[in-house]
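Encoded as structure tokens, the structure appears first; notes follow it.
The values are calculated or read from the model by the stated rules, or taken from the named source; none is laboratory data. Because the structure is predicted, anything quoted here is derived from the model rather than measured. Ideal geometry is used to build each Cβ from the backbone, glycine not excepted, and the neighbour counts take in all protein chains shown.
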Amino acid sequence: MSEVSDVVATGPTSALQYVRLTVEMADAMAELELASFPTADPKDLYNAQELAVLATEFPEGSFIGFDSNDRDVPVAAGLGIRVNFDLDNPQHNLKEFVEASPTESGDDPDGLWYYGTDIVVRPEFRRRGIGKELYDLRKEVCRGMNLKGIVAGGVIPGYAQHKASMTADDYIVAVTAGELYDPTLSFQIENGFEAICALANYITDPEVDNWASLIVWHNAEYRAG
Ligand SMILES: CC(C)(COP(=O)(O)OP(=O)(O)OC[C@H]1O[C@@H](n2cnc3c(N)ncnc32)[C@H](O)[C@@H]1OP(=O)(O)O)[C@@H](O)C(=O)NCCC(=O)NCCS
């Protein structure tokens, strides 16, 4: 059982208790990953060993939400690392960052962007504002550490129903315009993100022909220098 003092925030809507990722949470977090992405290729998800490394190298960037009655089973998580990201060359995948980084988790202490590596809410807890709370915590990390903003590759599960009739880029434009709804991208846009372009082969998911979207949130308080 963790001490109450490890709580960094209480969800204003959900009342979840948010704590930083610790090595001790790695196994339970790996289970949350599998429960949240049931159709994903497990090799695209964090495993317990990678989570333990992330907890050691950049705990400030990862938040885990617990129901106050159960500190053993995490309900939600927003994980991330610092990177340098070139918005003019957006095609990438996460593995490239991790391999190019000086650390095992991919966190670059000199990175100017927060890269959201994962955001998950247990299925039975969705649509209660927990995802928004996790994004708000990440935005606070950017403000507190003077980072340029948040960048991430986002899944676009709704593209599966449209891939026969439009490109992934056209789908992203239609979701951005509000003409189509995507369970993940629409939520990200509502949280202040801009969808920049489609990312090819970002994930292994034949349902969406391996497409994802590049999303960016700019920290208006960022100061250069
Ligand atoms: C994407 C994900 C993290 C969102 O988490 P969430 O906790 O459901 O997010 P929120 O509750 O803040 O918002 C989701 C939607 O519920 C709505 N909502 C929030 N509170 C609500 C309430 N009390 N009643 C009804 N709707 C509500 C939000 O407005 C939002 O609607 P939108 O999709 O039209 O924008 C979650 O669905 C998930 O884990 N998905 C699987 C993993 C995934 O895709 N992760 C993203 C990888 S890039």
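For every residue, the table says whether it meets (1) among the basic types (K, R); (2) over 17 Å from L32 (Cβ atoms); (3) modelled with pLDDT of 95 or more.
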| position | (1), (2), (3) |
| --- | --- |
| E60 | no, yes, yes |
| I64 | no, no, yes |
| D67 | no, no, no |
| S105 | no, yes, yes |
| P123 | no, no, no |
| G129 | no, yes, yes |
| M145 | no, yes, yes |
| I156 | no, yes, yes |
| Y159 | no, yes, yes |
Problem set entry | Count - residues of segment 207-218 that are surrounded by fewer than 21 Cβ atoms within 10 Å (Cβ to Cβ), under 19 Å from F97 (Cβ atoms) and either more than 15 Å from the ligand (Cβ to nearest atom) or free of Cβ contacts under 8 Å to residues at least 60 places away in the same chain (or both) | 1
Seminar exercise, completed: Restricted to segment 80-111 and to residues being of a type in the set (A, V, I, L, M) and either crowded, with 21+ Cβ neighbours inside 10 Å or in contact with a Leu (Cβ under 6 Å, 6 or more places away or on another chain) (or both), the residue farthest from Y222 (Cα to Cα) is I81
For this session: Considering only segment 87-103, state which residues are among the acidic types (D, E) and either within 17 Å of the chain's Cα centre (by Cα) or under 24 Å from G144 (Cβ atoms) (or both).
Result: E96
Exercise. So which of D41, D88, D118 ends up being acidic (D, E), in contact (Cβ under 8 Å) with a residue 40 or more places away in the chain and either more than 18 Å from L137 (Cβ to Cβ) or more than 13 Å from the ligand (Cβ to nearest atom) (or both)?
Worked result: D41
For this session: State which residue pairs qualify: first residue closer than 11 Å to T13 by Cα and within 12 Å of the ligand (Cβ to nearest atom) and inside segment 128-141, second residue assigned to a helix (DSSP H, G or I) and not small (G, A, S) in any location, beta carbons under 7 Å apart, and separation of 6 or more residues or different chains.
Result: G131/F187
Seminar exercise, completed: Counting only residues in segment 175-206 that are closer than 16 Å to G153 by Cβ, within 14 Å of the ligand (Cβ to nearest atom) and among the charged types (D, E, K, R), the one surrounded by the most Cβ atoms within 10 Å (Cβ to Cβ) is identified as D182
For this session: Determine, yes or no, whether P90 is closer than 30 Å to G225 by Cα and touching an Asp or Glu at 6+ places or on another chain (Cβ under 7 Å).
Result: no
Exercise. When A48 is evaluated against the numbered criteria (1) surrounded by fewer than 18 Cβ atoms within 10 Å (Cβ to Cβ); (2) within 13 Å of the ligand (Cβ to nearest atom); (3) within 30 Å of P206 (Cβ to Cβ); (4) not polar (S, T, N, Q), which criterion, by number, is the only one it fails?
Worked result: (2)
For this session: Answer yes or no: is there a residue in segment 155-174 that is away from the ligand (no atom under 11 Å from the Cβ) and within 16 Å of the chain's Cα centre (by Cα).
Result: no
Problem set entry | Which numbered condition C142 fails, given (1) more than 13 Å from A212 (Cβ to Cβ); (2) hydrophobic (A, V, I, L, M, F, W, C); (3) surrounded by fewer than 18 Cβ atoms within 10 Å (Cβ to Cβ) | (3)
For this session: Would you mention how many residues in segment 30-60 are under 16 Å from the mean Cα position of the chain (by Cα), of a type in the set (A, V, I, L, M) and under 20 Å from R82 (Cβ atoms)?
Result: 3
Problem set entry | T56 being at pLDDT 95 or above and either crowded, with 20+ Cβ neighbours inside 10 Å or touching a Ser or Thr at 6+ places or on another chain (Cβ under 9 Å) (or both) | yes
